[in-house]
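K.L.:
Pasting in a structure now, in C-alpha coordinates, and then I'll have a few things to ask.
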Amino acid sequence: MSTGELTKLVVKAYKDPKFRTAVAEGEFTTLVNPEKYIFKYRIDQNNDQASGTSDLSPRFNKKLPEDLDLEFLFDRSGVIIHYGTDPNSSKDDKVYKDEGEGIIGDIEQFKKVMLDYNGEEHKPNYVMISWGTLLFKGSLTEMDIEFKLFKPDGTPIRAVAKAKFQGFVEDELRVKKENNQSPDLTHIRIVKEGDTLPLMSYQIYGDSRYYLEVARANQLHHFRKLIPGQEIYFPPIEKTP
(Lines give C-alpha, C1' and ligand atoms only; values in the text may rest on other atoms or scores of the structure.)
Protein backbone atom coordinates (compact mmCIF):
# COMPACT_ATOMS: atom_id res chain seq x y z
CA MET A 1 0.00 0.00 0.00
CA SER A 2 1.36 3.44 -0.95
CA THR A 3 2.16 5.89 1.85
CA GLY A 4 2.42 8.89 -0.46
CA GLU A 5 6.07 9.38 0.52
CA LEU A 6 8.39 10.47 -2.27
CA THR A 7 10.75 7.67 -3.26
CA LYS A 8 13.83 8.38 -5.35
CA LEU A 9 15.32 6.14 -8.02
CA VAL A 10 18.49 4.51 -6.71
CA VAL A 11 21.37 2.90 -8.60
CA LYS A 12 23.68 0.56 -6.69
CA ALA A 13 26.92 -0.88 -8.09
CA TYR A 14 28.13 -4.42 -7.48
CA LYS A 15 31.32 -6.29 -8.33
CA ASP A 16 29.73 -9.66 -9.10
CA PRO A 17 26.84 -10.82 -11.32
CA LYS A 18 25.03 -12.33 -8.34
CA PHE A 19 24.84 -8.87 -6.71
CA ARG A 20 26.37 -10.00 -3.43
CA THR A 21 29.43 -7.73 -3.20
CA ALA A 22 28.61 -4.02 -3.28
CA VAL A 23 31.13 -1.48 -4.58
CA ALA A 24 32.40 0.89 -1.87
CA GLU A 25 30.56 4.22 -2.17
CA GLY A 26 28.88 2.76 -5.23
CA GLU A 27 25.42 4.22 -4.84
CA PHE A 28 23.70 7.05 -6.67
CA THR A 29 20.29 8.58 -5.89
CA THR A 30 18.60 10.66 -8.57
CA LEU A 31 18.09 14.34 -7.97
CA VAL A 32 14.77 14.21 -9.82
CA ASN A 33 12.89 11.03 -10.68
CA PRO A 34 12.64 10.28 -14.41
CA GLU A 35 9.51 11.17 -16.34
CA LYS A 36 9.66 7.81 -18.07
CA TYR A 37 11.76 4.73 -18.63
CA ILE A 38 11.79 2.45 -21.65
CA PHE A 39 12.21 -1.31 -21.80
CA LYS A 40 13.30 -2.81 -25.11
CA TYR A 41 12.82 -6.50 -25.91
CA ARG A 42 14.45 -8.32 -28.81
CA ILE A 43 14.04 -11.78 -30.25
CA ASP A 44 16.94 -13.57 -31.94
CA GLN A 45 15.82 -15.57 -34.98
CA ASN A 46 17.66 -18.01 -37.18
CA ASN A 47 17.04 -17.14 -40.84
CA ASP A 48 19.11 -19.97 -42.34
CA GLN A 49 17.45 -21.62 -45.32
CA ALA A 50 16.13 -25.06 -44.49
CA SER A 51 17.71 -27.93 -46.43
CA GLY A 52 15.80 -28.81 -49.62
CA THR A 53 13.64 -25.68 -49.61
CA SER A 54 13.72 -22.31 -51.36
CA ASP A 55 11.95 -20.31 -48.65
CA LEU A 56 13.44 -18.65 -45.60
CA SER A 57 11.50 -19.64 -42.51
CA PRO A 58 12.57 -17.56 -39.47
CA ARG A 59 12.99 -19.84 -36.49
CA PHE A 60 12.99 -18.68 -32.88
CA ASN A 61 16.44 -19.03 -31.35
CA LYS A 62 16.28 -17.22 -28.02
CA LYS A 63 14.96 -14.14 -26.25
CA LEU A 64 17.77 -11.67 -25.75
CA PRO A 65 18.18 -9.74 -22.48
CA GLU A 66 15.94 -6.67 -22.22
CA ASP A 67 17.43 -3.19 -22.50
CA LEU A 68 16.54 -0.21 -20.30
CA ASP A 69 16.76 3.46 -21.34
CA LEU A 70 16.87 6.14 -18.62
CA GLU A 71 17.61 9.85 -18.34
CA PHE A 72 19.27 11.43 -15.29
CA LEU A 73 19.10 15.17 -14.50
CA PHE A 74 21.91 17.08 -12.76
CA ASP A 75 21.22 20.63 -11.61
CA ARG A 76 23.02 23.02 -9.25
CA SER A 77 21.26 26.18 -10.38
CA GLY A 78 19.28 26.46 -7.13
CA VAL A 79 15.98 25.82 -8.89
CA ILE A 80 15.45 22.24 -7.72
CA ILE A 81 14.56 21.43 -4.12
CA HIS A 82 14.84 18.00 -2.51
CA TYR A 83 12.03 17.70 0.00
CA GLY A 84 12.46 15.93 3.33
CA THR A 85 10.65 12.74 4.29
CA ASP A 86 8.34 14.52 6.76
CA PRO A 87 5.49 16.15 4.74
CA ASN A 88 4.71 18.48 7.66
CA SER A 89 8.22 19.80 8.08
CA SER A 90 10.71 21.55 5.84
CA LYS A 91 13.75 21.14 8.11
CA ASP A 92 15.20 18.43 5.85
CA ASP A 93 14.52 20.31 2.62
CA LYS A 94 17.63 20.98 0.56
CA VAL A 95 18.09 23.42 -2.30
CA TYR A 96 20.68 22.16 -4.78
CA LYS A 97 22.92 25.18 -5.27
CA ASP A 98 26.37 25.55 -6.73
CA GLU A 99 29.08 24.96 -4.12
CA GLY A 100 31.94 26.04 -6.34
CA GLU A 101 32.35 23.17 -8.77
CA GLY A 102 28.88 23.12 -10.29
CA ILE A 103 27.71 19.60 -11.06
CA ILE A 104 31.19 18.15 -11.54
CA GLY A 105 31.17 16.27 -8.21
CA ASP A 106 27.67 14.92 -8.83
CA ILE A 107 28.63 13.59 -12.26
CA GLU A 108 31.90 12.07 -11.00
CA GLN A 109 29.97 10.09 -8.38
CA PHE A 110 27.49 9.06 -11.05
CA LYS A 111 30.30 7.90 -13.35
CA LYS A 112 31.95 6.00 -10.52
CA VAL A 113 28.79 3.94 -10.07
CA MET A 114 28.10 3.46 -13.77
CA LEU A 115 31.48 3.41 -15.50
CA ASP A 116 34.24 2.42 -13.08
CA TYR A 117 36.14 -0.55 -14.44
CA ASN A 118 35.70 -3.74 -12.42
CA GLY A 119 39.10 -5.46 -12.47
CA GLU A 120 37.79 -8.78 -11.24
CA GLU A 121 35.16 -9.10 -13.97
CA HIS A 122 37.10 -7.13 -16.65
CA LYS A 123 34.03 -5.01 -17.37
CA PRO A 124 32.11 -2.05 -15.91
CA ASN A 125 30.24 -2.58 -12.65
CA TYR A 126 27.01 -4.52 -12.44
CA VAL A 127 24.20 -2.20 -11.41
CA MET A 128 20.85 -2.67 -9.70
CA ILE A 129 18.29 0.05 -10.45
CA SER A 130 15.27 0.30 -8.18
CA TRP A 131 12.33 2.69 -8.05
CA GLY A 132 8.75 1.79 -7.21
CA THR A 133 7.91 -1.35 -9.16
CA LEU A 134 11.09 -1.07 -11.23
CA LEU A 135 13.86 -3.51 -10.30
CA PHE A 136 16.45 -3.89 -13.04
CA LYS A 137 19.76 -5.76 -12.99
CA GLY A 138 22.35 -5.29 -15.69
CA SER A 139 25.22 -3.06 -16.80
CA LEU A 140 25.73 0.15 -18.72
CA THR A 141 26.27 -0.18 -22.46
CA GLU A 142 26.10 3.44 -23.62
CA MET A 143 25.80 6.93 -22.13
CA ASP A 144 25.69 10.51 -23.43
CA ILE A 145 25.97 13.52 -21.10
CA GLU A 146 24.61 16.80 -22.47
CA PHE A 147 25.73 19.92 -20.58
CA LYS A 148 23.02 22.56 -20.82
CA LEU A 149 23.67 25.48 -18.43
CA PHE A 150 26.92 27.16 -17.36
CA LYS A 151 28.32 29.75 -14.99
CA PRO A 152 30.10 32.77 -16.47
CA ASP A 153 33.44 30.95 -16.09
CA GLY A 154 32.17 27.94 -18.06
CA THR A 155 31.52 25.61 -15.11
CA PRO A 156 28.47 23.47 -15.90
CA ILE A 157 25.54 23.65 -13.49
CA ARG A 158 22.99 21.61 -15.40
CA ALA A 159 23.26 18.45 -17.50
CA VAL A 160 21.22 15.47 -18.68
CA ALA A 161 22.71 11.98 -18.93
CA LYS A 162 21.02 9.56 -21.33
CA ALA A 163 21.97 6.01 -20.38
CA LYS A 164 21.32 2.61 -21.91
CA PHE A 165 21.58 -0.60 -19.91
CA GLN A 166 21.55 -4.25 -20.90
CA GLY A 167 19.80 -6.51 -18.45
CA PHE A 168 20.21 -10.16 -17.65
CA VAL A 169 18.87 -12.91 -15.45
CA GLU A 170 21.29 -14.92 -13.35
CA ASP A 171 21.83 -18.45 -14.66
CA GLU A 172 19.96 -20.14 -11.81
CA LEU A 173 16.99 -17.80 -12.16
CA ARG A 174 16.99 -18.12 -15.93
CA VAL A 175 16.52 -21.88 -15.76
CA LYS A 176 13.74 -21.59 -13.16
CA LYS A 177 12.03 -18.77 -15.06
CA GLU A 178 12.02 -20.54 -18.43
CA ASN A 179 11.13 -23.92 -16.93
CA ASN A 180 11.40 -25.54 -20.36
CA GLN A 181 12.18 -29.20 -19.82
CA SER A 182 10.61 -30.72 -22.92
CA PRO A 183 13.19 -32.32 -25.29
CA ASP A 184 11.25 -31.03 -28.32
CA LEU A 185 12.09 -27.42 -27.40
CA THR A 186 15.25 -25.45 -28.14
CA HIS A 187 17.45 -24.86 -25.10
CA ILE A 188 20.40 -22.56 -24.45
CA ARG A 189 22.60 -23.41 -21.48
CA ILE A 190 25.70 -21.77 -19.99
CA VAL A 191 28.59 -24.13 -19.27
CA LYS A 192 29.61 -24.28 -15.62
CA GLU A 193 32.73 -25.72 -14.02
CA GLY A 194 32.56 -29.51 -14.16
CA ASP A 195 29.95 -29.68 -16.93
CA THR A 196 30.40 -32.19 -19.74
CA LEU A 197 28.43 -32.51 -22.94
CA PRO A 198 27.05 -35.98 -22.08
CA LEU A 199 25.98 -34.71 -18.63
CA MET A 200 24.28 -31.63 -20.06
CA SER A 201 22.60 -33.76 -22.75
CA TYR A 202 21.26 -36.05 -20.05
CA GLN A 203 19.86 -33.06 -18.12
CA ILE A 204 18.09 -31.75 -21.24
CA TYR A 205 16.99 -34.93 -23.02
CA GLY A 206 17.09 -37.51 -20.24
CA ASP A 207 19.66 -39.46 -22.26
CA SER A 208 23.38 -38.71 -22.60
CA ARG A 209 23.80 -40.45 -25.97
CA TYR A 210 22.58 -37.40 -27.89
CA TYR A 211 25.73 -35.43 -27.06
CA LEU A 212 27.22 -36.05 -30.51
CA GLU A 213 24.22 -34.41 -32.17
CA VAL A 214 24.61 -31.44 -29.81
CA ALA A 215 28.30 -31.22 -30.70
CA ARG A 216 27.45 -31.16 -34.41
CA ALA A 217 24.75 -28.52 -33.90
CA ASN A 218 27.29 -26.27 -32.13
CA GLN A 219 30.18 -27.15 -34.47
CA LEU A 220 32.20 -28.25 -31.45
CA HIS A 221 35.42 -29.92 -32.53
CA HIS A 222 36.79 -30.21 -28.99
CA PHE A 223 33.60 -31.02 -27.13
CA ARG A 224 35.46 -32.89 -24.39
CA LYS A 225 36.92 -29.58 -23.18
CA LEU A 226 34.02 -27.23 -22.54
CA ILE A 227 34.84 -23.71 -21.34
CA PRO A 228 32.92 -22.27 -18.34
CA GLY A 229 30.75 -19.41 -19.55
CA GLN A 230 30.36 -20.93 -23.01
CA GLU A 231 26.83 -21.04 -24.48
CA ILE A 232 25.64 -24.41 -25.76
CA TYR A 233 22.64 -24.73 -28.07
CA PHE A 234 20.53 -27.87 -27.54
CA PRO A 235 18.28 -28.35 -30.59
CA PRO A 236 14.98 -30.21 -30.68
CA ILE A 237 15.74 -33.91 -31.06
CA GLU A 238 13.48 -36.73 -32.11
CA LYS A 239 14.22 -39.48 -29.63
CA THR A 240 14.97 -42.94 -30.92
CA PRO A 241 13.95 -46.08 -29.02
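K.L.:
So which residues in region 202-213 are over 29 Å from the mean Cα position of the chain (by Cα) and on the phi < 0 side of the Ramachandran plot? Break it down stepwise before answering.
P.N.:
Let us first name the residues in region 202-213 that are over 29 Å from the mean Cα position of the chain (by Cα), namely 202, 205-213.
Scanning region 202-213 gives Y202, Y205, D207, S208, R209, Y210, Y211, L212, E213.
K.L.:
What's the total number of residues in region 111-125 that are in a loop (DSSP other than H, G, I, E, B) and modelled with pLDDT of 80 or more?
P.N.:
Residues of region 111-125 in a loop (DSSP other than H, G, I, E, B): 116, 119-122, 125.
Going one step further and asking which of them are modelled with pLDDT of 80 or more, we end up with 125.
Residues flagged as in a loop (DSSP other than H, G, I, E, B) and modelled with pLDDT of 80 or more within region 111-125 amount to 1.
K.L.:
Something else: Pairs only if they're at least six apart or on different chains, beta carbon under 6 angstrom, first in region 94-108 and under 20 Å from I145 (Cβ atoms) and in the same structural domain as T29 (by TED's automatic domain parsing), second surrounded by fewer than 17 Cβ atoms within 10 Å (Cβ to Cβ) and modelled with pLDDT of 90 or more; list them, first residue then second.
P.N.:
From residues that are under 20 Å from I145 (Cβ atoms) and in the same structural domain as T29 (by TED's automatic domain parsing), the pairs are G102/T155.
K.L.:
Scan region 206-240 for residues that are in a strand (DSSP E or B) and among the small types (G, A, S) and jot them down.
P.N.:
First pass over region 206-240, keeping only residues in a strand (DSSP E or B): 231-234.
Hits for region 206-240: nothing passes.
K.L.:
Can you confirm whether region 126-143 contains a residue that is part of a loop (DSSP other than H, G, I, E, B), at pLDDT below 75 and small (G, A, S)? Give the derivation first.
P.N.:
Within region 126-143, the first condition is being part of a loop (DSSP other than H, G, I, E, B), and the residues that meet it are 132-133.
This time we only want the ones that are at pLDDT below 75, so: none.
No, region 126-143 contains no residue that is part of a loop (DSSP other than H, G, I, E, B), at pLDDT below 75 and small (G, A, S).
K.L.:
Answer yes if at least one residue in region 166-188 is closer than 26 Å to T30 by Cα, modelled with pLDDT of 85 or more and within 22 Å of the chain's Cα centre (by Cα), and no otherwise.
P.N.:
For region 166-188, residues closer than 26 Å to T30 by Cα, modelled with pLDDT of 85 or more and within 22 Å of the chain's Cα centre (by Cα): present.
K.L.:
Which of the numbered conditions does Q203 fail, given that it passes all the others? Conditions: (1) part of a helix (DSSP H, G or I); (2) at pLDDT 85 or above.
P.N.:
Q203 satisfies all of (1) part of a helix (DSSP H, G or I); (2) at pLDDT 85 or above except (2).
K.L.:
What number of residues within region 1-53 satisfy the criterion of being among the small types (G, A, S), surrounded by fewer than 10 Cβ atoms within 10 Å (Cβ to Cβ) and at pLDDT 80 or above? Spell out how you get there, then give the answer.
P.N.:
Kept after step one, since they are among the small types (G, A, S), are these residues of region 1-53: 2, 4, 13, 22, 24, 26, 50-52.
The next check asks that each one be surrounded by fewer than 10 Cβ atoms within 10 Å (Cβ to Cβ); those that pass are 2, 4, 24, 51-52.
Those left that are additionally at pLDDT 80 or above: 24.
Within region 1-53, residues that are among the small types (G, A, S), surrounded by fewer than 10 Cβ atoms within 10 Å (Cβ to Cβ) and at pLDDT 80 or above number 1.
K.L.:
Something else about it: Any residue in region 214-232 that is under 17 Å from E193 (Cβ atoms) sitting within a Cβ distance under 7 Å of a residue that is among the hydroxyl-bearing types (S, T, Y)? List the pairs, counting only those 6 or more apart or interchain.
P.N.:
Sorted first by the residue in region 214-232, then by its partner, the pairs are L226/T196.
The values are calculated or read from the model by the stated rules, or taken from the named source; none is laboratory data. Owing to the predicted nature of the structure, the values given are computational and were not obtained by experimental measurement. All Cβ positions, glycine included, derive from the backbone under ideal geometry; neighbour counts span all protein chains shown.
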